[in-house]
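Data block below; observations after.
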Amino acid sequence: MNLKIPTKTQLPLYKASPTLEPINTRQTQTARRVYIETYGCQMNVSDSELMSGILTQNGYEMVDQLEDANVVLLNTCAIRENAEEKVLNRLVHLHHRKKRQSDLVLGVCGCMAQHMKTKLIDAAPYVDFVLGPDAYRNLPMAINSVTIGDPFLGLKLDKGEDYADIAPIRVEGIRAWLTIQRGCDKMCTFCIVPFVRGRERSIPMQLLVDDVKRLVDEGFKEVVLLGQTVNSYNDGTHNFGDLLFGLSEVEGIERIRFTSPHPSDATDDLIEAMASCDKVCNYIHLPLQSGSTRVLKAMRRTYTAEAYRELVAKMRARIPNLAISTDVIVGFCGETETDFMETYNLMAEIRYDSAFMFKYSSRDGTLAHKTLDDDVSEVEKGRRLKEIIALQESVSHETNQRLIGEVVTVLVEGESRKDPDRYQGKTDGFKTTVFPKANSEVGDLVRVKVESTTAHTLIGSITK
Ligand code: SF4
């Protein structure tokens with residue numbers, strides 16, 4: 001496994017608590033080799049890196065093959081029902097493995113663990129421990145407690161937990177994910193996140209500046225700032241705009257991205273930072289969710305369709321060549337054909353570079369599940385989804401086509417998956433670009449003349 005071993009000052013992993021001693025008694029008897037399987041979003045990828053940091057610091061070895069492990073951790077997602085079903089199916093498979101490998105320890109971590117709580121143990125009694133997103137410091141203790149017999153449960157949400165003192169272990173590459181904020185205070189009615197990740201908290205800016213300096217030393221060229229509503233970042237002294245300006249000052253970092261912002265927190269400070277800091281990419285993922293103000297209100301999205309439209313216009317006026325992507329949900333509770341057409345028309349008007357589009361699926365534990373009727377039929381949800389996908393495919397294709405003949409700047413990430421003679425990387429606007437290697441190297445910023453496109457990729461050659 002190609003890992004970046006961090007040089008961050010190592011602080012105690014455990015908060016002062018008489019019950020949380022970093023004991024490794026079992027590990028002294030058997031070398032513990034841990035395999036982490038990650039599901040869901042980039043926050044989870046970042047959390048898995050954090051877990052690797054905690055475990056490595058406690059003497060565990062991380063492995064990248066399930067076959068080599070005697071501890072398997074599933075870092076799970078709860079955002080959609082099928083994400084949980086996938087993990088439950090995976091657990092059945094791992095149960096078979098556990099029967100053959102008597103020392104195998106099996107832990108379920110992350111959002112689904114927090115969402116299902118003891119129901120997870122009811123569904124899969126062979127699971128050894130269940131840890132929510134604020135309980136990862138307990139990982140060594142959870143693994144060691146397996147000898148006791150009862151499943152270990154770490155499910156307390158903790159507003160004070162930001163893991164700021166822990167050095168994550170990252171897989172080598174040129175792009176690093178950096179969590180700057182945890183939790184969410186927004187309470188959108190369709191979303192489970194506030195219930196499984198708790199209240200919002202931000203890591204102090206100075207620690208993040210130091211983190212980015214360390215990432216540069218480790219060879220990373222690009223950093224992606226992560227948060228559930230990343231632009232509501234506030235450490236008590238600095239807002240998100242301040243953070244972007246501060247991180248731009250770090251020598252050696254070439255690009256700064258962030259995901260996912262909330263439209264209501266897209267302040268003038270943020271727009272100004274994007275417009276004036278060269279290292280901050282001209283790209284924003286700005287979730288729309290619905291183009292109907294009535295539906296947005298039912299979703300508790302805290303903005304209207306008109307305010308969203310004005311925000312996009314303001315950003316485009318101030319930030320030339322801004323690329324925008326979005327998330328859209330169709331078939332939310334009470335969504336009429338008129339509401340849907342408002343979404344369709346707003347998407348057609350804004351012309352996103354790309355979009356993640358979903359049918360609404362009610363999640364147990366959310367406000368919508370408790371208080372609203374999931375009254376749009378599956379067939380109707382499917383039809384609406386198909387229509388916006390067709391619209392977006394054609395817009396994405398046209399947007400890419402317009403780049404033919406243009407020169408884009410690409411950060412070289414590695415070999416193209418389809419052709420070892422080519423490199424691939426992303427433009428400033430986060431478009432995947434493929435080109436012959438010429439004399440370039442991974443980590444270089446190169447100028448590529450676009451010669452052709454597919455719906456999702458630019459194809460070209462390096463130019464001066
Ligand atoms: S802003 Fe809304 S959708 Fe995003 S994580 Fe928070 S509650 Fe969920």
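The values are calculated or read from the model by the stated rules, or taken from the named source; none is laboratory data. This structure is a prediction, so every number in the text was calculated from the model and none was measured. Note that each Cβ is placed from the backbone with ideal geometry, even for glycine, and that neighbours are counted across all protein chains shown.
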Return yes or no: is R255 basic (K, R), within 16 Å of the ligand (Cβ to nearest atom), out of contact with any His (no Cβ under 7 Å at 6 or more places or on another chain) and not assigned by TED's automatic domain parsing to the domain that holds C77? no
Any helices (runs of 4 or more DSSP H) falling wholly within segment 62-132 and containing at least 2 residues that are without any contact (Cβ under 8 Å) to a residue 60 or more places away in the chain and more than 26 Å from K156 (Cβ to Cβ): 81-100
If the requirement is being surrounded by 14 or more Cβ atoms within 10 Å (Cβ to Cβ), farther than 23 Å from A355 by Cβ and of a type in the set (D, E, K, R), which of these qualifies: E393, E451, E415? E415
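Results for (1) of a type in the set (A, V, I, L, M); (2) in contact with a Cys (Cβ under 8 Å, 6 or more places away or on another chain); (3) farther than 22 Å from S461 by Cβ, shown as yes or no for each residue.
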| site | (1), (2), (3) |
| --- | --- |
| E378 | no, no, yes |
| G382 | no, no, yes |
| Q392 | no, no, yes |
| V407 | yes, no, no |
| S416 | no, no, no |
| D419 | no, no, no |
First in segment 175-198 and among the aliphatic types (A, V, I, L, M), second anywhere and more than 6 Å from the ligand (Cβ to nearest atom) and assigned to a strand (DSSP E or B), Cβ under 6 Å, 6 or more apart: A176/R170; A176/V223; L178/V223; L178/L225; I180/L225
Among the residues of segment 332-346 satisfying the criterion of being in a helix (DSSP H, G or I) and hydroxyl-bearing (S, T, Y), which is nearest to Y360 (Cα to Cα)? T343
If you scan segment 157-179, which residues turn out to be modelled with pLDDT of 95 or more, among the basic types (K, R) and either surrounded by 21 or more Cβ atoms within 10 Å (Cβ to Cβ) or part of a loop (DSSP other than H, G, I, E, B) (or both)? none
Please pick out the residue among K221, K186 that is within 13 Å of the ligand (Cβ to nearest atom) and either in contact with an Asp or Glu (Cβ under 9 Å, 6 or more places away or on another chain) or farther than 28 Å from P263 by Cα (or both). K186
Quick check on my filter: what residues within segment 224-242 are without any contact (Cβ under 8 Å) to a residue 40 or more places away in the chain and more than 13 Å from the ligand (Cβ to nearest atom)? N234, D235, G236, T237, H238, N239, F240, G241, D242
Would segment 99-109 turn up any residue that is of a type in the set (S, T, N, Q), surrounded by fewer than 21 Cβ atoms within 10 Å (Cβ to Cβ), within 16 Å of the ligand (Cβ to nearest atom) and not assigned by TED's automatic domain parsing to the domain that holds Q289? no
From S354, S361, S325, grab the single residue that is farther than 22 Å from C188 by Cα, surrounded by 15 or more Cβ atoms within 10 Å (Cβ to Cβ) and touching a residue at least 60 places away in the same chain (Cβ under 8 Å). S354
Based on what the data block shows, is R316 more than 22 Å from I389 (Cα to Cα), away from the ligand (no atom under 16 Å from the Cβ) and assigned to a helix (DSSP H, G or I)? yes
Residue list for segment 70-98, restricted to those being β-branched (V, I, T), within 16 Å of A123 (Cβ to Cβ) and crowded, with 18+ Cβ neighbours inside 10 Å: T76, V87
Give me the pairs: first residue in segment 429-440 and more than 10 Å from D419 (Cα to Cα) and β-branched (V, I, T), second residue outside any strand (DSSP E or B) and modelled with pLDDT under 95, beta-carbon distance under 8 Å, and six or more apart or on different chains, which are they? T432/H456
So, in segment 163-183, of the ones that are more than 16 Å from the ligand (Cβ to nearest atom) and within 16 Å of the chain's Cα centre (by Cα), which residue ends up nearest to F129 (Cα to Cα)? P168
Would you tally the residues in segment 189-213 being more than 16 Å from the ligand (Cβ to nearest atom), farther than 16 Å from S46 by Cα and buried (at least 17 other Cβ atoms within 10 Å of the Cβ)? 1
For I388, work out the one condition from (1) in a helix (DSSP H, G or I); (2) more than 25 Å from the chain's Cα centre (by Cα) it doesn't fulfil. (2)
